[in-house]
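S.K.: Before anything else, here's the structure in question.
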Amino acid sequence: CLLALAVLLFVQPMPLGAVVAWSLVLGGGLGNLLGRIMNGGRVIDFMNLGIGSLRTVIFDVADVCISLGIAWFIIEQ
């Protein structure tokens, strides 16, 4: 899927908003893939957010890029 998306970005003319959205999805997917390959299948690039000792949000950076890209694409349509 990532290879097809990369080819689509370079072959198919599309508006700037769609290019940005799909680039976020592609970058997040490649980030996940490379991170898993380089770290023995473990996820190490995550953020842990909270206030003081209260930890409320833990997420993977690449997944945030994918989610933002999909949201951007939906909003642009």
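The values are calculated or read from the model by the stated rules, or taken from the named source; none is laboratory data. Computed from a predicted model, the values in this text were never measured in an experiment. Cβ: placed from backbone, ideal geometry, glycine included. Neighbour counts: every protein chain shown. Only protein heavy atoms, including side chains, enter the accessible area calculation; ligands, DNA and RNA are left aside. Shrake-Rupley method; radii C 1.70, N 1.55, O 1.52, S 1.80 Å.
S.K.: Roughly what would the spin-label model give for N48 and Q12, points 7 Å off Cα along C-beta, in nm?
M.R.: 4.0
S.K.: Please list, by residue number, every one of the trypsin sites (Lys or Arg not before Pro) in the chain that is coil in DSSP and has at most 13 other beta-carbon atoms within 10 Å.
M.R.: Numbers: sites: R36, R42, R55; in loops: R42.
Sparse-neighbourhood loop trypsin sites (Lys or Arg not before Pro): R42.
S.K.: While we're on this one: Using label points projected 7 Å from each Cα along Cα→Cβ, tell me how many nm separate I74 and L33, to one decimal.
M.R.: Reported label-point gap for I74 and L33 is 2.4 nm.
S.K.: Of all accessible surface on the chain at a 1.4 Å probe, what whole percent is carbon and sulfur? Display every interim value, and only then the final one.
M.R.: Details: 4030 of 5530 Å².
Solvent-exposed carbon and sulfur of the chain make up 73 percent of the total.
S.K.: For M14, M47, M38, give me the order by solvent-accessible area with a 1.4 Å probe, most accessible first, ignoring ligands, DNA and RNA. Don't jump to the answer; show the numbers that get you there.
M.R.: On the way: M14 50, M47 90, M38 150 Å².
So the residues, ranked largest to smallest area, are M38, M47, M14.
S.K.: Mind grabbing the accessible area of D63 for me, 1.4 Å probe, Å², rounded to tens?
M.R.: 70
S.K.: At 1.306 mPa s and 10 °C, plugging the Kirkwood radius over alpha-carbon pairs of the range 15-74 into Stokes-Einstein gives what diffusion coefficient in µm²/s? Intermediate results must be reported in sequence, preceding the final value.
M.R.: Working: Rh = 12.5 Å.
The calculation lands on 127 µm²/s.
S.K.: Here is a follow-up. Rounded to the nearest 500 deg cm²/dmol, what is the calculated helix-only ellipticity per residue at 222 nm for the chain, with -39500 (n - 2.57) per DSSP H run of length n ≥ 4? Walk me through the numbers on the way to the answer.
M.R.: Numbers: 3 runs with 49 residues, N = 77.
Calculated mean residue ellipticity at 222 nm is -21000 deg cm²/dmol.
S.K.: Now for a different question. Got a sec? What order do C1, C65 fall in by accessible area at 1.4 Å, biggest, i.e. largest, first? Walk me through the numbers on the way to the answer.
M.R.: Working: C1 150, C65 45 Å².
Per-residue accessible area, sorted high to low, gives C1, C65.
S.K.: How much area per residue is accessible in the range 22-77 when the probe is 1.4 Å and only protein heavy atoms are counted (Å²)? Mind showing how you got there, number by number?
M.R.: Values: 4020 Å² over 56 residues.
Ligands and nucleic acids excluded, the figure is 72 Å² per residue.
S.K.: Sequence gap at least 6, Cα distance under 8 Å: using those rules, report the relative contact order of the chain to the nearest whole percent. Walk me through the numbers before you get to the answer.
M.R.: Details: 83 pairs, mean separation 28.4, N = 77.
Over the chain, the number comes to 37 percent.
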